[in-house]
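Readers should treat all values here as calculations from the given coordinates under stated rules, not as data from a laboratory. Keep in mind that this is a model prediction, so the values were computed, not measured. Glycine gets a Cβ as well: all are built from the backbone with ideal geometry, and neighbour counts include every protein chain shown.
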Amino acid sequence: MTERDSSPYAAEGRTTGRPGIDTPDHRGRTGLDRAGRGLDRNRDIVIRDVELTSQGWHVLRRTTFDRRRRDGRWETQQRETYDRGDGAVVLPYDTARGVVLLTRQFRYPAYVNDHPDGMLVEAAAGLLDADDPTAAVRRESAEELGVTLGPLTRVLAAYMSPGSVTERLHFFAAPYTPADRTGPGGGLEEDGEDIEVLEVPFTEALAMTRDGRIADGKTILLLQWAALDGPFAPGAGVA
């Protein structure tokens, strides 16, 4: 005798649910194929289908949509999007001593794409997860830098790779002093982090963006903001 399949998917011809779609995946997520299906803010874009093509910690989707071109013709297109959530980044600075606080850590994607050793100098950053952007940068500053930040300056928010990555990154800066160094930093070992904390003279950090020693986009943007419009800008009161 054949045992009857009593699962809720039997009536639909499926014996098991699809992780991340019908049943929770390893992060407890379902409905990952629904992202974008209800979008109607642009009358020239009509979402037709969303496929979940890969899911690990983050999600890769292939979306099919109709797009009305500027000449009025409609065409069907497909785009793959990598969804890792939004993030936040912060540049702590000490104008009295003329320094900024940065990190150095191994980045495999850079290493495999022609960076000599994969060790990037960066501003402290992380994904928002369940936090708002200000809470996220305070969390990352404590974990990565060992610094408790005071007042935050919101610099901007930007899509860093909008051709394929959904992430919007929130940029902040904040003053700090040696007294604000309340922990060792270094990141979370359980997350595989092994982060070196660097206190760098601002003029040296800016020079590093010019000669390639700093090759991280978010860090270059924050350092240039600090030089042009921020705490190290001409007339900002820095000695």
Task: Net length gained if the chain between LEU228 and PHE106 were fully extended (0.36 nm per residue, minus Cα distance) - done: 41.0 nm
Task: Calculated FRET efficiency for the pair HIS58/ARG97, C-beta based, R₀ 41 Å, to 0.05 - done: 0.60
Open item on the list: Using helices alone, I'd like the mean residue ellipticity at 222 nm for the chain: each DSSP H run of four-plus residues gives -39500 (n - 2.57), total over residue count, nearest 500.
Closed with: -4000 deg cm²/dmol
Open item on the list: Taking every alpha carbon pair in the chain, what does the distance histogram look like in 10 angstrom bins from 0, in percent?
Closed with: 7, 24, 27, 19, 14, 6, 2, 0, 0
TODO: Would you please classify the overall shape of the stretch 113-201 from the alpha carbon gyration tensor, given that a ≥ b ≥ c denote the square roots of the eigenvalues, rounded means a/c under 1.5, and beyond that prolate means a/b larger than b/c while oblate covers the rest?
DONE: oblate
Task: Inter-label distance, nm, simple model (7 Å from Cα along the C-beta direction), ASP129/ARG29 - done: 1.5
Open item on the list: Multiplying the sequence separation of ARG210 and ARG37 by 0.36 nm and subtracting their Cα-Cα distance, what value in nm do you get?
Closed with: 58.0 nm
TODO: Please find the FRET efficiency linking ASP44 to ASP191, where r is the Cβ-Cβ separation and R0 is fixed at 30 Å, and quote it to the nearest 0.05.
DONE: 0.15
Open item on the list: Using Cα springs under 10 Å in a Gaussian network model of the chain, which residue among GLY185, GLY72, GLY98 shows the largest mean-square fluctuation?
Closed with: GLY72
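Loop sites only, by DSSP: take the chymotrypsin sites (Phe, Trp or Tyr not before Pro) in the chain that have at most 16 other C-beta atoms within 10 Å and name the longest stretch containing none of them.
Longest stretch, sites excluded: 58-239.
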